[in-house]
Amino acid sequence: MSALPTPSSAAELSRMPYLPGLDGLRAIAVIGVMIYHANHSWLEGGFLGVEVFFVISGYLITLLLIGEHERSGSVNLRQFWKRRFRRLLPALYVMMALVAVYIAAFLTAERERTRGDFVAAAAYVTNWYQIWVGQGYSSGEAFVPLRHLWSLAVEEQFYLVWPLVMVLILRRWRGRLPSMGLKLVGASLLITLLVAWFYVPGPVSPVRCGTESFTNGWATIGGHCINVNEMLYLGSFSRAGGLLLGAGFAMLWRPMAIMRGPLREKGGRLDLLAVLGMAAIVLFMVTMHLSEASVYNPWLFRGGFFLTGLATLLVIAAITHQGARTGRLLGTPFLVWVGTRSYGLYLFHWPIYQIIRTQANISLTVVEFVFAIALTVPITEASYRFVEKPIREGKLRAMLASLRTNTWYLVAAGAAVALLAVTTISMVAADKECVGEVSQSLCENTTGTDDTVPTTEPSSVTTAPGDTVADTTTSTTEPKVPQQYVAIGESVMVGAVNQLQGAGVFVDARENRGPEGVMNTVIKLRDAGDLGAGSNVVIQVGTNAPMNESAIAAIMAEVPDDAGQVWFMTLRADAEWIAGNNSLINSLPATYPNVQVIDWATQSTNVELCPDGIHITCNGSTAANFYSNLILAAFGLPAIT
């Protein structure tokens with residue numbers, strides 16, 4: 001231990017040498033996240049890798065600011081932000097540009113749905129955008145290639161605000177940093193207590209905010225409907241706990257200062273604590289899920305994040321102690337390689353996953369996962385070598401100068417600029433579209449309560465992303481002929497839109513739809529002339545929340561008296577209200593003579609569903625075809641193969 005270096009001056013106490021072990025810890029965090037994003041069942045709590053990143057960021061950034069103040073007596077905010085922007089923005093914008101070009105070229109129907117994501121990502125407010133529109137981390141059934149940027153938004157917001165706070169702390173309490181560190185740890189604990197207080201237990205209802213009897217999990221803020229638990233998961237303030245925990249630890253545990261005190265020779269004990277910390281992180285990643293069947297994990301929101309942060313601190317303490325072995329064990333070449341490229345891996349892996357599966361929360365197979373990684377790694381390496389590293393090292397001017405001296409480089413740059421310009425125009429010119437659970441429900445309610453439909457406008461039919469819908473226009477001189485076969489449903493039915501429409505069924509299906517949404521849709525279609533005399537209707541509703549007899553009665557009251565047969569489909573999902581909803585649906589024929597039941601709950605056991613046990617969009621078209629044929633059989637239409 002006598003060979004361990006001792007800082008020669010007070011100006012070196014907060015100096016942060018390069019520690020390969022921290023890159024190794026980053027590698028474990030990003031690998032956990034990538035596995036979780038591929039298939040939740042493989043690593044239920046892999047998303048906690050983000051919390052590990054938050055703690056590391058809070059620790060390193062705070063230590064860098066303290067070290068700069070020790071050396072120069074001040075903090076150069078302009079240079080700090082310049083370094084952060086160099087580190088983060090280039091690769092981010094390259095990824096966004098590539099995704100935008102792909103959407104404009106191959107997924108034109110998604111331009112309007114993703115436009116807001118690009119604007120929010122460019123401004124680093126993705127987390128608040130997702131909260132506002134209800135495009136939460138656990139929602140699925142949509143193409144969301146930039147959803148993962150919420151965590152980068154939280155970090156960037158921290159990078160903008162925290163240096164200002166640190167300048168104040170270093171000016172007024174420079175001699176009391178340990179005391180301030182304890183206060184920051186206390187602030188992290190306070191955030192944990194507040195998150196636990198505001199957490200909403202139990203199943204979360206569809207978006208209604210007071211318009212339905214079951215509104216658990218939603219709150220109205222500034223006149224806008226917000227999913228409380230999603231806000232706690234995505235919010236800058238509620239997720240600041242890990243960042244503040246790392247920042248407070250930086251004031252208590254400065255690597256060079258530790259080597260001047262009694263902890264200098266305690267490396268072995270720190271290794272033992274690091275083993276406990278790493279074991280806790282792995283245990284949490286394996287067992288601590290985010291949500292199941294619309295119920296958010298209470299253990300996560302009632303201390304899970306904080307415990308993950310504490311476990312991370314134990315590992316950091318050992319990594320930053322020069323006498324401990326943890327840093328060398330985590331500093332293996334493979335982990336260092338992954339860790340140094342963890343930012344790029346995080347940026348690129350999610351959009352590649354989305355392109356492969358086309359929707360969020362659809363599990364990748366092992367083969368798809370291997371293929372996705374095979375694409376992610378070389379793209380990440382190219383970004384690291386040709387974008388991130390050169391710009392971080394200040395070589396941007398030299399790169400721009402080379403364009404003027406190399407004709408081929410200049411032509412390539414011009415082509416890239418032209419392509420981005422065309423893409424941008426395409427994205428801006430795309431039609432307006434509602435996105436997210438909240439906005440979708442607002443559109444639903446708006447169209448549902450509109451009593452008049454212009455006779456010269458086409459009726460609106462909502463389908464799955466990317467589907468095309470026939471332009472059904474009303475005549476100003478002749479009454480519109482009602483659709484003979486109509487299907488109204490929620491996200492399960494969205495997965496069968498192509499099959500049903502191809503068989504001649506008029507479909508209006510939307511994600512997260514509840515009984516009121518179905519009622520509004522019946523009103524909309526009835527007033528538009530699509531639902532009327534002789535129309536036969538299949539309705540599926542109740543997967544997302546409990547419903548009662550009055551909710552069904554409200555739907556049936558809006559069905560035209562001269563309509564034909566009405567079928568309600570039973571439900572399949574692992575949620576506590578499904579049994580009650582199915583019992584209600586099965587009792588409807590006794591109350592309504594024109595109602596029959598399609599028993600999807602039983603029939604669905606004959607086909608393989610998605611891993612969530614609800615949706616029909618996985619494993620090819622087999623489940624969607626099976627589902628469609630049940631509806632077609634009720635209508636008396638030919639089955640599809």
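Taken about its Cα centre, the chain carries a charge dipole of roughly 4620 debye when the Cβ of each Lys and Arg holds +1 and the Cβ of each Asp and Glu holds -1.
Within 10 Å of each residue's Cβ, count the other Cβ atoms and sort ASP574, ASP561, ASP23 from fewest upward. Spell out each step's value before the answer.
Numbers: ASP574 11, ASP561 6, ASP23 22.
Sorted ascending by nearby Cβ count, the order is ASP561, ASP574, ASP23.
Measuring spread by the Cα atoms of the range 509-601 yields a radius of gyration and Dmax of 12.6, 37 Å. Dipole orientation for the chain: of the candidates GLY542, LEU314, TRP350, LEU314 has the Cα lying most toward the positive pole (charges on Cβ; Lys, Arg +1; Asp, Glu -1). Put simply, the amide H of GLY532, placed in the peptide plane, has neighbours under 5 Å in GLN483, leaving out anything fewer than 5 places away on its chain. Listed values for the range 380-386 are Karplus-derived 3J(HN,Hα) couplings in whole Hz (6.51 cos²θ - 1.76 cosθ + 1.60, θ = phi - 60°), namely 4, 5, 5, 4, 5, 7, 9, and x replaces Gly and Pro. For the range 520-546, the residues whose backbone nitrogen is under 20 Å from a point 7 Å from the Cα of GLN603, taken along Cα to Cβ, are 535-544.
If every alpha-carbon in the chain counts as one equal scatterer, what log10 I(q)/I(0) does Debye give at q = 0.05, 0.07, 0.11 1/Å? Reported log10 I(q)/I(0), two decimals: -0.27, -0.52, -1.10.
The angle between the Cα long axis of helix 342-357 and the longest principal axis of the Cα atoms of the chain comes to about 10 degrees, rounded to the nearest 10. Against the longest alpha carbon principal axis of the chain, how many degrees, from 0 to 90 and to the nearest 10, is the axis of helix 515-528 turned? On a 0 to 90 degree scale, this one is about 50. Here the dipole of the range 236-391 is about 560 debye; that uses its Cα centre as origin and unit charges on the Cβ of Lys and Arg (positive) and Asp and Glu (negative).
When only alpha carbons are used to place a centre, the range 276-323 and the range 508-539 end up 46 Å from one another.
Each of LEU420 and ARG84 was given a label point 7 Å from its Cα along the Cα-to-Cβ line. The distance between the two points is 2.3 nm.
Between ASN594 and TRP337, the modelled label-to-label distance comes to 6.8 nm, taking each label 7 Å out from Cα in the direction of the beta carbon.
Between THR358 and TYR18, take the C-beta separation as r, use R0 = 30 Å, and let me know the FRET efficiency to the nearest 0.05. Can you show the working numbers first?
Values: r = 41 Å, r/R0 = 1.37.
Efficiency for this residue pair is about 0.15.
Length gained on full extension, ALA633 to SER621: 2.5 nm, using 0.36 nm per residue less the C-alpha separation.
Please work out whether the range 59-210 counts as rounded, prolate or oblate from its C-alpha gyration tensor, where a ≥ b ≥ c are the square roots of the eigenvalues and a/c under 1.5 means rounded, while otherwise a/b larger than b/c means prolate and anything else oblate? In terms of gyration-tensor shape, oblate. Applying 0.36 nm per residue to the separation of LEU276 and PHE198 and subtracting their alpha-carbon distance, the gain on full extension is 25.1 nm. Annotation: the antiparallel percentage among DSSP beta bridges lying fully within the chain is about 35.
Remark on GLU292: its backbone amide H falls under 5 Å from those of ASN297, a criterion applied only to residues 5 or more positions apart or on other chains, H modelled at 1.01 Å from N. Taking square-rooted eigenvalues a ≥ b ≥ c of the alpha carbon gyration tensor, is the range 556-641 rounded, prolate or oblate, where a/c under 1.5 means rounded and, failing that, a/b exceeding b/c means prolate? The shape class here is oblate. Computed on the chain, with alpha-carbon pairs under 8 angstrom and 6+ residues apart, the relative contact order is 17 percent.
Taking the 0 to 90 degree range and rounding to the nearest ten, how far is the long axis of helix 622-635 tilted relative to the main principal axis of the chain, both from C-alpha atoms? The helix 622-635 is inclined about 20 degrees to the chain. Sorting the segments 604-612, 539-547 by their residues' average number of neighbouring beta-carbon atoms within 10 angstrom, most packed first, yields 539-547, 604-612. At a Förster radius of 51 Å, what calculated FRET efficiency corresponds to the Cβ-Cβ distance of VAL411 and GLU292, to the nearest 0.05? My answer for the efficiency is 0.45.
None of the figures in this text is laboratory data; all of them are computed from the coordinates on show. From a predicted model like this one, the values you see are computed outputs, not experimental measurements. Here Cβ is always computed from backbone atoms with ideal geometry, including for glycine, and neighbour counts include all displayed protein chains.
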